[in-house]
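These notes concern the structure reproduced below.
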Amino acid sequence: MPLTARGREILGSLPGVAPTVTTDGIGCEIVRREELCIGCGRCVKVCPSAAIAESSRFDPAQLYDAPAGTTRGALGAALRRIARHEPDGSFEVPERVRTFRTIEFDRTRCLGCGACTRACPTGAVTARPVNAGEIGGFAGADRVPCAVPA
Amino acid sequence: MPSAARTGGAVAEPERFATEPAADDGERTIIGFFCRECAYAAADATGNARVPLPTTVRSVLVPCTGRVGPLHVMSALAEGADGVFLAGCLEGQCHYREGNLSALDRIAFVQRLLESVGVERERVQMFTMSAADSPRFVAATKRMHATISALPRLERR
Ligand code: SF4
Ligand code: SF4
């Protein structure tokens, strides 16, 4: 879990200690690549802290941003060719169309355990190593320090 | 189609495939994905019985409608089809258990996708039938033809 405000306060109050705290080599951040996700839900099942949730809403606009070479990218290109206007808002995805479910990741709930990165079959969730300089020790509230081997 | 004159009158001229005239701007193209187990068998029976069908429909044989994903349907529309329909087994009678149910949901998904960009949802539809039900296949094909003929051609960029 990210360091609480109280934890940061304690760290900050120790003169000379906070600046030497480092996360080099052990820090990482969970990175999601929506366009690789096939909506299988494995990450949702294994996450121990419900940081990942499945939503049945789908926003067609995200197809336009998906890279070529992926199913979503190809779908976006096809949609663009026949579209009469820009996509107007999200809609409910039918029950059996899992591929287009939206996986929502709540960074603030993430423990950094890495279970999702091991469960994901497509590499849509990975761990990115982060250096201390980048996150300012453990102070970055929206970054997740964790112990997944980079 | 060879006319009776060109074949020397030796062969009886087959009944012409009836095509109701398209609304205004030329003939439409409709792609039909038919499952091997039911719809294609029904289509075959229709052909053997020489029942006239709209010439706008081009058929694609698939093992199961469950194989057809949103990308197949969308690609057909993007590459020139004015409408796409799937014909599969009756609900509960899919030879691969639930392929047709997946297909029904995927069609619903594509319909929502089309609606979100201002394209008529009726351009994409799904029908179910048994292998023996040739009349139902004919009805589905004709209905699709009528629907798409009543719509303008699908414009592309
Ligand atoms: S790293 Fe662990 S806590 Fe964070 S999202 Fe993945 S499974 Fe959940
Ligand atoms: S495990 Fe990977 S592919 Fe499956 S839903 Fe999660 S992010 Fe998407």
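Here are a few things to note about the model shown:
- Between A and B, roughly 2400 Å² of accessible area is buried in total, ligands, DNA and RNA not counted and the probe set to 1.4 Å.
- Positive contributions from Lys and Arg (+1) and negative ones from Asp and Glu (-1), summed over other residues with Cβ under 12 Å from the Cβ of residue A:81, come out at +2.
- Antiparallel bridges, percent of DSSP beta bridges restricted to the stretch B:28-150 (to nearest 5): 5 percent
- Table column - 3J(HN,Hα) (Hz), the stretch A:62-75, Karplus curve with 6.51, -1.76, 1.60, x for Gly and Pro: 5, 5, 5, 8, 5, x, 4, x, 9, 4, 5, x, 5, 5
- A cut-off of 5 Å between modelled amide H atoms, ignoring neighbours fewer than 5 places along the same chain, links residue B:59 with B:32.
- Dipole check for the stretch A:32-128: with +1 at the C-beta of Lys and Arg, -1 at the C-beta of Asp and Glu, and the Cα centre as origin, the magnitude is about 360 Debye.
- In Hz, Karplus ³J(HN,Hα) per residue of the stretch B:47-58 (6.51, -1.76, 1.60; θ = phi - 60°; x = Gly, Pro): x, 5, 7, 6, 7, x, 10, x, 7, 6, 8, 10
- Remark: accessible surface ordering of B:91, A:92 (largest first) is B:91, A:92, probe radius 1.4 Å.
- Alpha-carbon centroid distance for the pair the stretch B:106-155 / the stretch A:35-82, whole angstrom: 26 Å
- Computed over the stretch B:28-150, the P(r) curve from all C-alpha pair distances, binned at 5 Å from the origin, holds 2, 13, 24, 25, 20, 11, 4, 1, 0 percent per bin.
- Sequence-distant residues sharing a close amide H with residue B:128 (under 5 Å, placed H): B:88
- Accessible area of the stretch A:32-128 divided out per residue, in Å², using a probe of 1.4 angstrom: 48 Å²
- Summing Lys and Arg as +1 and Asp and Glu as -1 over all other residues whose Cβ lies under 14 Å from the Cβ of residue B:58 gives a net charge of -2.
- Placing unit charges on the Cβ atoms of the charged side chains and taking the dipole of the stretch B:28-150 about its Cα centre, the candidate lying farthest along the positive direction among B:92, B:146, B:74 is B:146.
- Residue-by-residue Karplus 3J(HN,Hα) for the stretch B:101-108, coefficients 6.51, -1.76, 1.60, Hz, glycine and proline x: 5, 4, 4, 4, 5, 5, 5, 4
- Minimum 30 Å² accessible area buried by the other protein chains, the stretch A:74-99 residues, probe 1.4 Å, relative to alone: A:75, A:78, A:79, A:81, A:82, A:83, A:84, A:85, A:91, A:94, A:96, A:97
- Taking amide H as placed 1.01 Å from N in the peptide plane, the amide H of residue A:29 sits under 5 Å from that of A:128, A:130, each at least 5 places away or on another chain.
The values are calculated or read from the model by the stated rules, or taken from the named source; none is laboratory data. Please read these numbers as outputs of a predicted model, since none were measured by experiment. Positions of Cβ are backbone-derived with ideal geometry, glycine not excepted, and every protein chain shown enters the neighbour counts. Accessible surface areas use protein heavy atoms only, side chains included; no ligands, DNA or RNA. Shrake-Rupley method; radii C 1.70, N 1.55, O 1.52, S 1.80 Å.
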